[in-house]
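Q: Submitted below is the structure of interest, expressed as structure tokens.
The values are calculated or read from the model by the stated rules, or taken from the named source; none is laboratory data. The model shown is predicted, which means the values in this text are computed figures rather than measured ones. So basically every Cβ, Gly included, is an ideal-geometry build from the backbone, and we count neighbours across all protein chains shown.
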Amino acid sequence: MEPFLTLTSIAAPLIRDNVDTDAIIPSREMKSVSKRGLSAGLFAGWRYTDVDARVPNPEFVLNRPEYAGARILLGGANFGSGSSREHAVWALAEYGFRAVIAAGFSPIFRGNCIRNGVLPIVLDPRPFNEPGHQIEIDLPAQEIRAAGQTWPFDIDEEAKLMLTEGLDPIALTLLDGPMIDAHESADRQSRPWAWSVLSQGEPA
Amino acid sequence: MARTLFDKLWDAHLVRNLSSGEDGDGGTGLIAIDRILLHERTGGIALKALEESGRDVRDPSRVFVTMDHVVDTLPGRGDRTIMPTGTDFILATREAATRAGATLFDIGDPRQGIVHVISPENAIVLPGLTLVCPDSHTCTQGALGALAWGIGSSEAEHALATGTLRVNRPKQMRVTISGDLAEGVTAKDLALYVVARLGSGGGRAHVIEYAGSTIEALPIEARMTLCNMATELAAFTAVIAPDASTAAWLEGRTYAPRGEDWQAALAAWAQLSTDADAVFDREVAIDAADVAPMVSWGTAPQQSAPLAGRVPRLAEPAADAAPTTPEAHGRALVYMDLAEDTALLGLAIDAAFIGSCTNARLPDLRAAAGILAGRKVAAGVRAICVPGSTRVKAEAEAEGLDKVFLAAGFEWREAGCSMCFFSGGESFGEEERVISTTNRNFESRQGPRTRTHLASPATVAASAIAGRIADPRKLEAL
Ligand code: SF4
């Protein structure tokens with residue numbers, strides 16, 4: 001994954017509460033067993049007046065010329081609620097978004113963002129809702145700079161490390177293999193019932 | 001130090017602390033995962049991506065796979081689906097699960113069904129275990145005293161490859177519910193009440209422990225219904241301390257411990273409760289007597305109100321309702337084609353749906369059948385019952401419930417998620433008003449532009465008979 005250090009872009013506003021993952025990528029757009037090819041279905045229900053024919057809705061933010069090329073998305077409260085589908089983040093990332101600034105995120109969506117190199121920032125999005133303004137996100141410094149002002153933001157250590165290093169979390173965890181093995185063998189001793197049942201197979 | 005139930009579950013599975021956390025960040029732990037559940041819609045992708053990265057499943061014996069999301073629920077189904085590319089998901093998942101050596105509950109298997117129904121009924125989930133699934137309603141299974149939560153596909157890959165997850169330690173909230181639920185008030189009504197009161201973000205980043213005399217008195221299936229909707233609060237998950245009812249419910253099920261192991265398990269489970277002086281980040285107290293039968297009126301589960309009430313006015317919210325915004329309120333009214341102050345009872349419906357991981361277990365079907373017996377679905381209403389699992393279906397048929405549903409005019413389906421969500425296949429139709437025992441009333445959740453009202457099985461059955469939203473406590477009026 002590409003490390004996330006700084007990002008300078010305009011921001012596209014979608015400041016509504018409870019934008020759920022069904023809205024970000026409707027189920028019917030998840031046609032194949034793949035993480036790719038999802039960006040055309042991003043926000044399909046809002047973005048097109050005719051979804052099947054892909055007729056753009058000129059009112060929708062992503063179709064407005066002033067927001068073309070935006071790599072930052074602004075959201076309201078509880079952004080990414082609903083289904084756990086990671087397709088929502090895959091679609092956003094493939095479309096070009098690398099950061100979402102929202103009043104709040106659903107926890108699964110937030111985790112999915114971090115695992116896919118998309119930075120979720122919890123802040124009031126309204127100050128950044130200025131068409132044409134370039135917004136600079138500096139993850140190592142944990143601040144956003146725009147129009148001569150600076151806003152600090154919080155992010156947990158683990159997420160920051162994953163994003164700034166562009167780490168593959170599986171590779172990182174596998175380095176702890178011996179500790180995982182040790183935990184497991186101790187657990188087999190102390191909770192045999194949790195393990196023995198796994199071989200019980202067919203219905204009794 | 002006094003510990004909560006969650007603390008005990010966390011500590012027992014903590015391989016090591018990855019970061020200690022500060023200022024409200026609870027830190028991150030490497031947590032051992034005891035069970036991984038997958039379904040064909042998101043699980044197949046996780047297995048495939050893992051294969052493509054050249055990694056193996058660490059321990060296939062801990063991995064269970066079912067077909068529930070895109071599989072058809074029409075009688076006589078096979079691998080062909082109404083969803084245009086559904087067969088690809090079924091085949092890819094079957095092949096990947098087989099190659100990985102996971103346990104697969106395939107189409108035709110008596111253990112097949114909705115993942116959050118089959119895991120408890122086969123005792124795959126047990127008190128004290130950690131369990132994950134790339135599905136947001138995994139919180140359902142916390143009702144058994146396990147730490148069970150929904151994850152994304154990449155996290156599922158991580159759990160499959162390493163047997164662990166890197167988890168941000170959530171904050172903790174206890175919701176204590178005390179007293180008796182009134183006659184005719186169900187766990188679903190309680191779940192809708194909690195979401196309406198705490199709001200769609202009301203549990204954000206918290207693990208919720210449901211406790212109190214009301215919870216202790218709830219049957220296990222009802223506990224699952226309540227925990228199912230914790231994700232609608234944006235909670236990390238929900239958990240209920242296991243007790244004698246939990247053990248009695250699990251005993252003898254397929255993957256329940258036996259013999260000496262059963263005794264050891266009972267001893268371990270007896271420790272799984274919150275210590276008397278443990279401290280939570282947040283406490284909420286609810287009086288069960290305040291809960292009435294509920295129905296949703298809007299496009300978020302939070303937008304629910306007492307069945308006998310009215311669509312709320314933005315200007316005069318109910319005293320115990322979570323805050324909302326004019327934008328969210330107005331948008332929901334337009335989508336649902338409702339005006340403020342409209343009575344909810346009496347709204348004409350086009351369809352009724354009984355199914356989903358919230359409310360498609362045997363007691364749910366019994367409750368609905370009790371109302372349907374000797375009655376007929378109103379003319380013009382499409383009514384569908386989809387049992388939560390093949391086993392629920394068989395048990396219901398053994399009691400003759402299928403005959404009651406069919407005689408009333410309901411369709412009686414094969415087990416699966418069906419029209420709980422719209423996969424691109426079957427739908428209720430644009431602007432059709434559906435009363436449904438499911439958990440999400442989002443825009444287009446049950447089909448493009450479909451209007452969903454969430455309610456209990458009893459309310460859905462009564463409404464199907466009446467052809468309009470109806471009160472199951474007033475059957476003589478039907
Ligand atoms: S029944 Fe509905 S909510 Fe439950 S797992 Fe299936 S699609 Fe999700």
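Each row is one residue, and each column tells you yes or no for (1) free of Cβ contacts under 8 Å to residues at least 40 places away in the same chain; (2) of a type outside the set (A, V, I, L, M); (3) within 14 Å of another protein chain (Cβ to nearest Cβ).
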| site | (1), (2), (3) |
| --- | --- |
| B:ALA300 | no, no, yes |
| B:PRO306 | yes, yes, no |
| B:VAL334 | yes, no, yes |
| B:ALA348 | no, no, no |
| B:ALA352 | no, no, no |
| B:CYS357 | no, yes, yes |
| B:ARG366 | yes, yes, no |
| B:GLY374 | yes, yes, no |
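Q: Please verify whether the stretch B:395-402 includes one or more residues that are in contact with a Leu (Cβ under 6 Å, 6 or more places away or on another chain), more than 16 Å from the ligand (Cβ to nearest atom) and among the charged types (D, E, K, R).
A: Start the filter on the stretch B:395-402 by keeping residues that are in contact with a Leu (Cβ under 6 Å, 6 or more places away or on another chain), which leaves B:395-396, B:401.
Next cut, more than 16 Å from the ligand (Cβ to nearest atom) only: B:395-396, B:401.
Then keep just the ones that are among the charged types (D, E, K, R); that gives B:395.
Yes: the stretch B:395-402 contains one or more residues that are in contact with a Leu (Cβ under 6 Å, 6 or more places away or on another chain), more than 16 Å from the ligand (Cβ to nearest atom) and among the charged types (D, E, K, R).
Q: So, one more: So if I check each of A:ILE155, A:ILE144, A:ILE180, which one is outside any loop (DSSP other than H, G, I, E, B), assigned by TED's automatic domain parsing to the domain that holds A:GLY76 and not charged (D, E, K, R)?
A: Working: A:ILE155 fails: outside any loop (DSSP other than H, G, I, E, B); A:ILE180 fails: assigned by TED's automatic domain parsing to the domain that holds A:GLY76.
Matching residue, one of A:ILE155, A:ILE144, A:ILE180: A:ILE144.
Q: Quick check, is B:ALA462 more than 14 Å from chain A (Cβ to nearest Cβ), in a loop (DSSP other than H, G, I, E, B), more than 12 Å from the ligand (Cβ to nearest atom) and touching a Leu at 6+ places or on another chain (Cβ under 8 Å)?
A: Working: more than 14 Å from chain A (Cβ to nearest Cβ): yes; in a loop (DSSP other than H, G, I, E, B): no; more than 12 Å from the ligand (Cβ to nearest atom): yes; touching a Leu at 6+ places or on another chain (Cβ under 8 Å): yes.
So B:ALA462 does not fit the description; no.
Q: Of all residues being β-branched (Val, Ile, Thr) and more than 14 Å from B:HIS69 (Cβ to Cβ) in the stretch B:437-451, which is nearest to the ligand (Cβ to nearest atom)? Just the residue, please.
A: Of all residues in the stretch B:437-451, those β-branched (Val, Ile, Thr) come to B:437-438, B:450.
Then drop every residue that is not more than 14 Å from B:HIS69 (Cβ to Cβ), which leaves B:437, B:450.
Values: B:THR437: 10, B:THR450: 14 Å.
Applying the filter and picking the extreme gives B:THR437.
Q: Follow-up. For residues that are more than 10 Å from the ligand (Cβ to nearest atom) and small (Gly, Ala, Ser), tally how many sit in the stretch B:416-435.
A: To start, the set of residues in the stretch B:416-435 that are more than 10 Å from the ligand (Cβ to nearest atom) comprises B:424-435.
From what's left, small (Gly, Ala, Ser): B:424-425, B:427, B:429.
Result for the stretch B:416-435: 4.
Q: Could you please let me know if B:LEU406 is of a type outside the set (Val, Ile, Thr), crowded, with 24+ Cβ neighbours inside 10 Å and within 17 Å of B:ALA462 (Cα to Cα)?
A: Taking the combined requirement at face value, the residue does not satisfy it.
Q: Is it fair to say B:GLU316 is within 14 Å of chain A (Cβ to nearest Cβ), surrounded by fewer than 18 Cβ atoms within 10 Å (Cβ to Cβ), more than 17 Å from B:GLY346 (Cβ to Cβ) and not β-branched (Val, Ile, Thr)?
A: On the way: within 14 Å of chain A (Cβ to nearest Cβ): no; surrounded by fewer than 18 Cβ atoms within 10 Å (Cβ to Cβ): yes; more than 17 Å from B:GLY346 (Cβ to Cβ): yes; not β-branched (Val, Ile, Thr): yes.
It is false that B:GLU316 is within 14 Å of chain A (Cβ to nearest Cβ), surrounded by fewer than 18 Cβ atoms within 10 Å (Cβ to Cβ), more than 17 Å from B:GLY346 (Cβ to Cβ) and not β-branched (Val, Ile, Thr).
Q: Testing B:SER153 on (1) out of contact with any His (no Cβ under 7 Å at 6 or more places or on another chain); (2) facing chain A (nearest Cβ under 8 Å); (3) over 27 Å from A:ARG188 (Cβ atoms); (4) surrounded by fewer than 24 Cβ atoms within 10 Å (Cβ to Cβ), one condition comes back false. Which one is that?
A: (4)
Q: Also, quick follow-up: Only one of (1) surrounded by fewer than 16 Cβ atoms within 10 Å (Cβ to Cβ); (2) facing chain B (nearest Cβ under 10 Å) fails for A:THR150. Which number is that?
A: Only one criterion in (1) surrounded by fewer than 16 Cβ atoms within 10 Å (Cβ to Cβ); (2) facing chain B (nearest Cβ under 10 Å) is unmet by A:THR150, namely (2).
Q: Quick check on this structure: which one of B:ARG35, B:ARG16, B:ARG62 is at negative phi, of a type in the set (Lys, Arg), facing chain A (nearest Cβ under 8 Å) and buried (at least 22 other Cβ atoms within 10 Å of the Cβ)?
A: Working: B:ARG35 fails: facing chain A (nearest Cβ under 8 Å); B:ARG16 fails: buried (at least 22 other Cβ atoms within 10 Å of the Cβ).
When all the criteria are applied, what remains is B:ARG62.
Q: On to the next question. Quick one: which residue in A:ALA102, A:ALA93 is within 14 Å of another protein chain (Cβ to nearest Cβ) and surrounded by fewer than 23 Cβ atoms within 10 Å (Cβ to Cβ)? Break it down into steps so the answer makes sense when it comes.
A: Details: A:ALA102 fails: surrounded by fewer than 23 Cβ atoms within 10 Å (Cβ to Cβ).
Unique residue meeting the criteria: A:ALA93.
Q: Let me ask another. Restricting the first residue to the stretch B:98-122 and requiring it to be in contact (Cβ under 8 Å) with a residue 12 or more places away in the chain, which pairs with a second residue that is of a type in the set (Lys, Arg) and within 15 Å of the ligand (Cβ to nearest atom) meet a Cβ separation below 7 Å and a spacing of at least six or different chains?
A: B:VAL117/B:ARG361
Residue-wise test of (1) buried (at least 19 other Cβ atoms within 10 Å of the Cβ); (2) within 14 Å of chain A (Cβ to nearest Cβ); (3) not in a helix (DSSP H, G or I).
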site	(1), (2), (3)
B:ASP180	no, no, yes
B:LYS188	yes, no, no
B:ARG197	yes, no, no
B:GLY201	yes, yes, yes
B:GLU216	no, no, no
B:ALA241	yes, no, yes
B:SER245	no, no, no
B:GLN263	no, yes, no
B:LEU272	yes, yes, yes
